[in-house]
1. I'd like the full set of residues that are modelled with pLDDT of 65 or more and either acidic (Asp, Glu) or assigned to a helix (DSSP H, G or I) (or both), limited to the range 16-43.
2. Does the range 56-71 hold any residues that are aliphatic (A, V, I, L, M) and under 15 Å from Asn85 (Cβ atoms), and which are they?
3. Evaluate the following for Gln111: is it within 15 Å of the chain's Cα centre (by Cα) and within 11 Å of Cys53 (Cβ to Cβ)?
4. Quick one: how many residues across the range 84-105 are assigned to a strand (DSSP E or B) and either crowded, with 21+ Cβ neighbours inside 10 Å or modelled with pLDDT under 95 (or both)?
5. Does the range 69-79 contain at least one residue that is crowded, with 17+ Cβ neighbours inside 10 Å, in contact with a Cys (Cβ under 6 Å, 6 or more places away or on another chain) and not in a loop (DSSP other than H, G, I, E, B)?
6. Just checking, how many residues over the range 106-135 are in a loop (DSSP other than H, G, I, E, B) and farther than 27 Å from Asp87 by Cβ?
7. Restricting the search to the range 106-121, which residues are surrounded by fewer than 13 Cβ atoms within 10 Å (Cβ to Cβ) and among the polar types (S, T, N, Q)?
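The values are calculated or read from the model by the stated rules, or taken from the named source; none is laboratory data. Since the structure is predicted, the reported quantities are computational estimates derived from the model, not experimental observations. We place every Cβ from the backbone using ideal geometry, glycine too, and count neighbours over all the protein chains shown.
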Amino acid sequence: MTSVDDEELIKQKLLKKLMSQMSSIQSYDEPVTLTDDTFDDFISKNENVVVDCWAEWCYPCRVVSPIVDELAKKYRGKIAFAKLNVDENQLTAMQYGIMSIPTLLIFKNGQLVDQIVGALPKKLIEVNILRALGV
């Protein structure tokens, strides 16, 4: 049988662990710009991630970009959004077989679970992301 002091010590340890985990969760107001060098680290440190793969010259990418910005604000603390310029970061683009842009890569616990190719309406993008992540 445990004493009251032992129970209190266990509660304090659990609370400390929980607080540590919460402080490591990052929350972003806007998409984070990724590079070949930062991509894997960002994906591994965030549970739910959506990466907008785009290029400067791509008109459909300019249509999707403000949608991604809006969703980043709306799902702050639940989904981490990022952007990857495929012209400047060809290694990552090749690794994930990006053949058309815009492409949204959707990751859950570091694993690619879905992707959205093309400029879709905001509602369709949002529904597909939420379904893929189970959010």
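1. Answer for the range 16-43, where residues must be modelled with pLDDT of 65 or more and either acidic (Asp, Glu) or assigned to a helix (DSSP H, G or I) (or both): Lys16, Asp29, Glu30, Asp36, Asp37, Phe39, Asp40, Asp41, Phe42, Ile43.
2. Residues satisfying the conditions are Val64, Val68.
3. Considered against the rule, which asks whether it is within 15 Å of the chain's Cα centre (by Cα) and within 11 Å of Cys53 (Cβ to Cβ), Gln111 comes out as no.
4. The total comes to 4.
5. Among the residues of the range 69-79, not one is crowded, with 17+ Cβ neighbours inside 10 Å, in contact with a Cys (Cβ under 6 Å, 6 or more places away or on another chain) and not in a loop (DSSP other than H, G, I, E, B), which makes the answer no.
6. Qualifying residue count for the region: 3.
7. If the condition is that a residue be surrounded by fewer than 13 Cβ atoms within 10 Å (Cβ to Cβ) and among the polar types (S, T, N, Q), then Asn109, Gln111 are the ones that fit.
Residue-wise test of (1) of a type outside the set (S, T, N, Q); (2) without any contact (Cβ under 8 Å) to a residue 12 or more places away in the chain.
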position: Lys45; (1), (2): yes, no
position: Cys61; (1), (2): yes, no
position: Gln115; (1), (2): no, no
position: Pro121; (1), (2): yes, yes
